[in-house]
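Remarks on the structure that follows.
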Amino acid sequence: MKHTLSVLVEDQSGALSRISGLFARRGFNIESLAVGPAEVPGTSRLTMVVEGDNQTLQQMSKQLNKLINVLNVIDLSVIPAVERELMLLKVSATETQRSLILDLVQVFRAKVVDVSEQALTLEVVGDPGKLVAIEKLLKPYGILEIARTGKVALERASGVNTEMLKATSLLKNLPA
């Protein structure tokens, strides 16, 4: 199972190295990592996606909490959270294909950030599923380059679990 961990750390040199080293020593691959300043000056928030069972991730969280400079660790996979990712995508766009691509861009609420005679560069923000979906639809046109930030996430203040709501609404729409 994939887990999204939110790690609050003090801004000190070597903090990221100690965290990534902890995962590397135990044979864990960090699939996604995003780091940036947090709400308190002098702190940063790391959002990482790692794969493992619940018991192993609980142990890793305990070990993370023991590291110097680590202030807090939350497994956002087990609580309601807002997750987003940014992708820049350069797609081949001939004059005849451009309007079709622009129609897709509108459906996904993506933005065109650069235009040339041969290509469009798009900015797409959303949950990781949205990014995979637009990438899949644009693949036939010819994807030239992709850059993704990795997932950033925060616990939902409202406590509303949108994944649960989606599943419930899907079940209601199934024929009896």
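Bear in mind these aren't lab numbers, they're just calculated from the coordinates by the rules spelled out. Keep in mind that what you see is a predicted model, and the values were worked out from it rather than measured. Ideal geometry is used to build each Cβ from the backbone, glycine not excepted, and the neighbour counts take in all protein chains shown.
Before moving on, here are some points about what is shown:
- Estimated vicinal HN-Hα couplings, Hz - the stretch 126-135 in sequence order (Karplus 6.51, -1.76, 1.60; Gly, Pro = x): x, 6, x, x, 4, 5, 5, 5, 5, 4
- On the basis of the beta-carbon distance and an R0 of 25 Å, A133 and S99 show a calculated FRET efficiency of 0.80.
- Charged-residue dipole, Cβ positions (Lys, Arg, Asp, Glu), the chain about Cα centre, Debye nearest 20: 380 debye
- Residues in the stretch 62-84 that a label on V125 would reach, taking backbone N under 12 Å of a point 7 Å out along Cα→Cβ: 84
- Cross-link pairs beyond the 24 Å C-alpha cut-off, checked among K66/K130; K2/K151; K90/K130; K62/K151: K66/K130
- Rounded to the nearest 20 debye, the dipole size of the stretch 82-153 about its Cα centre is 200 debye, using +1 on the Cβ of Lys and Arg and -1 on the Cβ of Asp and Glu.
- Selection from L88, G126, S6, by position along the positive dipole direction of the chain (Cβ): S6
- Mean ellipticity per residue at 222 nm, deg cm²/dmol - from DSSP H runs of n ≥ 4 across the chain, formula -39500 (n - 2.57): -9500 deg cm²/dmol
- Cα long-axis angle, helix 162-172 against the chain (0 to 90 degrees, to the nearest 10): 60 degrees
- Principal-axis tilt of helix 15-25 within the chain, Cα atoms, nearest 10 degrees: 90 degrees
- Each Cα pair under 8 Å and six or more residues apart adds its sequence gap; the mean of these over the residue count of the stretch 15-138 is a relative contact order of 18 percent.
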